[in-house]
Amino acid sequence: MKICQIELVGGGVFIGDYEEQLLEFENGLFDAIVDVESLCCNSFEKSKRIIDISLEKLKTGGKMFSQTFSEKTWGFQDILDIEYHATYPNEGPLASKGYARYTTREDIEKLYKTNNSVISNIELCEIHQNNGKLISEWIIEIEKL
């Protein structure tokens with residue numbers, strides 16, 4: 001059995017703008033970066049910048065894992081986009097939580113693919129709730145070349 005050791009670089013929890021906080025770290029520092037539905041709270045353009053910066057911060061061969069809501073998720077249908085694929089949902093898992101952006105399959109290449117990375121895996125996870133509603137999430141794995 002292999003024991004996992006974690007060393008916090010600089011220690012502590014960082015609070016503030018996601019994009020700005022990433023700039024504080026040197027390039028090629030991390031083995032992995034994990035996003036669990038935080039990018040969906042940013043515009044498409046800002047999410048793309050955050051992903052690009054995140055990939056710069058990875059070591060060669062490092063991985064980024066991203067979990068984000070798909071357009072099939074309950075609460076994203078039948079409402080107007082305020083920006084590209086973004087709205088203020090009034091029902092579903094993001095109801096009354098503010099700005100939320102959903103991701104289509106076509107968006108994944110646009111967001112996550114760079115000249116120095118490859119999308120190594122894409123999965124769609126669906127949770128069918130007792131009320132008949134659906135929560136649909138992409139799980140995307142990107143490797144830095």
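FYI, it's all coordinate maths here, none of it is from the lab. Model, not experiment: these values are computed from the prediction. Positions of Cβ are generated from backbone atoms using ideal geometry, with glycine treated the same way; all protein chains shown enter the neighbour counts.
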Residue within segment 68-75 that is under 15 Å from the mean Cα position of the chain (by Cα), hydroxyl-bearing (Ser, Thr, Tyr) and in a helix (DSSP H, G or I) present: no
Some residue of segment 121-144 being outside any strand (DSSP E or B) and within 14 Å of the chain's Cα centre (by Cα): no
Count of residues meeting criterion [under 12 Å from residue 70 (Cα atoms) and either in contact with a helix residue (DSSP H, G or I) (Cβ under 6 Å, 6 or more places away or on another chain) or surrounded by 12 or more Cβ atoms within 10 Å (Cβ to Cβ) (or both)] in segment 99-113: 7
For residue 96: the one exception among (1) assigned to a loop (DSSP other than H, G, I, E, B); (2) out of contact with any Leu (no Cβ under 8 Å at 6 or more places or on another chain); (3) surrounded by 15 or more Cβ atoms within 10 Å (Cβ to Cβ); (4) not charged (D, E, K, R): (3)
Among the residues listed as 55, 29, the single one being aliphatic (A, V, I, L, M), in contact with a Ser or Thr (Cβ under 7 Å, 6 or more places away or on another chain) and at negative phi: 55
